[in-house]
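Asker: Sharing a structure with you now.
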Amino acid sequence: MNHYLKIFIFIPIILLFCQISSAQNYRTIYGNVVDANTGLPLPYASVSLKNSSFSNVSNSEGEFSLSFPQVHLADTIIVSYMGYRNKFLPVSYFSSKKNLVELSPTTIDIRSITIRPNDALSLFTSAFSSKSIRNNYPSYPVGMSAFYRETIKRGNRYLSFNEAVIDILKQSYSSSFPDNISIYKGRGNTNRTAADTLFLQLQGGPISTLQLDVVKDPFIAVDLFSAPQYYNFSMGPMCFIDDLNIYTVDFDQVADVEDILFKGRIYIESQTLAIIRIEFEMNVAGRNDAWKAFVRRKPDGMQIGVDWAKYQINYKQHNGKWFADYARVDLRFTAKYKGKLLKNKYDITTELAITDLDNPSALKIPSAQRFKMKDILQNQVKDFKNDGFWENYNIIEPDEKIENIIKRIIRQLKKERKE
């Protein structure tokens, strides 16, 4: 059994391969989500338009933006964060670029919760049961649009930055058919100099990130039925998200399991047992062989270490069903040659954010156009370059907030589909 997520980094021996004006029919709002008591920013808060599928998340500083059609000007913005009460604000509240959204911490009203046995394994099994999956997730294929980006850094220097608008055929959660991805638009930059003798490329990029949807293909690195043999499960603290009571289940690999597995937390809605978020990381501490889970090829004499490998998948509810909404991978490697003191650190980050749940063209992606695990986005984006699509957003900025990019993407996709 393969106990590793299929996210691979390909390391060749040497480098020889060898501000947009607002659309007339759209409104963009801005805000900053903070704790009402401390004033501290709340990162990755959920921001959504009540009567639509438009949504976003705040960045690490609690800042967000959200773009949507003018027809929703009388609608309500919902801001939510785990452990805090939801905030409902009219669109008219957001009159400037510095609108403060203060969320108040909340305590759990035990009387409103359906009490279940304090048995983490039973809760895990129930949440991942076929009945729970069938009730909580779509049992039909869904055509989606998404924005994907990946960065590779050595120290503080970006080696490559690639981004793409992608079509996704999200298969039924009740089927075993794999999800399909095709590139709609893409572009990238490679920062390579004559001094570089080692360079990284990310293989499988967007399809690997989409495979973090553990609900679609449970469980992490092992199959669902053998999960109790490889993982210990324990109850974590209860919390709130979107005004829902949430159970948390913590997991870590069994002590005598030799394989390098994972530890993390599963967030489960208390009434329906819908899994709404999973955070996990690889147990790389003290494991000098962790690099083998990622590296397909490396130069002779090169020593590779894994500092961390962290993963996150969020789900969002729409019309009574939960959909994969955001996925992120953060990896850090160190590389040095035997006998050398110099050690380089490489950071790899991927993000995939769903921008549309109604993309009919994605329901039938021809086989020849499907992105595959062996594909390298960096080598393909040039074939999908379209400067007109990106308009004035024509300079790739690796540190640009993803929510700022998404609003542009949504606007351009709507514009193209009308033409």
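Read-outs: derived from the displayed coordinates by stated rules, not from any lab. Computed from a predicted model, the values in this text were never measured in an experiment. Positions of Cβ are backbone-derived with ideal geometry, glycine not excepted, and every protein chain shown enters the neighbour counts.
Asker: As an exercise, identify the trypsin sites (Lys or Arg not before Pro) in region 244-321 lying in DSSP coil whose Cβ has no more than 16 other Cβ atoms within 10 Å.
Answerer: Here the trypsin sites (Lys or Arg not before Pro) that fit, given the DSSP loop and packing criteria, are Arg287, Arg296, Arg297.
Asker: Could you calculate the FRET efficiency of Asn51 with Asp223 from 1/(1 + (r/R0)^6), where r is the beta carbon distance between them and R0 is 56 Å, rounded to 0.05?
Answerer: It comes out at approximately 0.90.
Asker: Kindly state, to the nearest 0.05, the FRET efficiency for Ala368 paired with Lys310, given R0 = 41 Å and r defined as their beta-carbon distance.
Answerer: With a Förster radius of 41 Å, E is 0.75.
Asker: How long is the gain from Lys292 to Arg134 if the chain were fully straight, where each residue apart is worth 0.36 nm and the alpha carbon distance is subtracted?
Answerer: Full-extension gain reported as 53.3 nm.
Asker: Still on this structure, I have one more. Can you tell me the FRET efficiency between Lys338 and Ala74 if r is taken as the Cβ-Cβ distance and R0 is 56 Å, rounded to the nearest 0.05?
Answerer: 0.25
Asker: A follow-up question, please. Evaluate the distance, in nm, between pseudo-label points positioned 7 Å from the Cα of Glu102 and of Asn37 along their respective Cα→Cβ axes.
Answerer: With each label placed 7 Å out from Cα toward Cβ, I get 1.4 nm.
Asker: A follow-up question, please. Ala221's amide H: which non-local residues (gap 5+, or another chain) put their own amide H closer than 5 Å, with H modeled 1.01 Å from N in plane and none for Pro or chain starts?
Answerer: Hits under the 5 Å cutoff: none.
Asker: Can I ask one more? What percent of all Cα-Cα pairs in region 153-294 falls in each 10 Å bin, counting up from 0?
Answerer: Reading upward from the zero bin: 9, 27, 32, 25, 7, 1.
Asker: Okay, moving on. Which loop-located trypsin sites (Lys or Arg not before Pro) does region 120-153 contain, where loop means any DSSP state but H, G, I, E or B and the Cβ has at most 14 other Cβ atoms within 10 Å?
Answerer: Answer by residue number: there is no such site.
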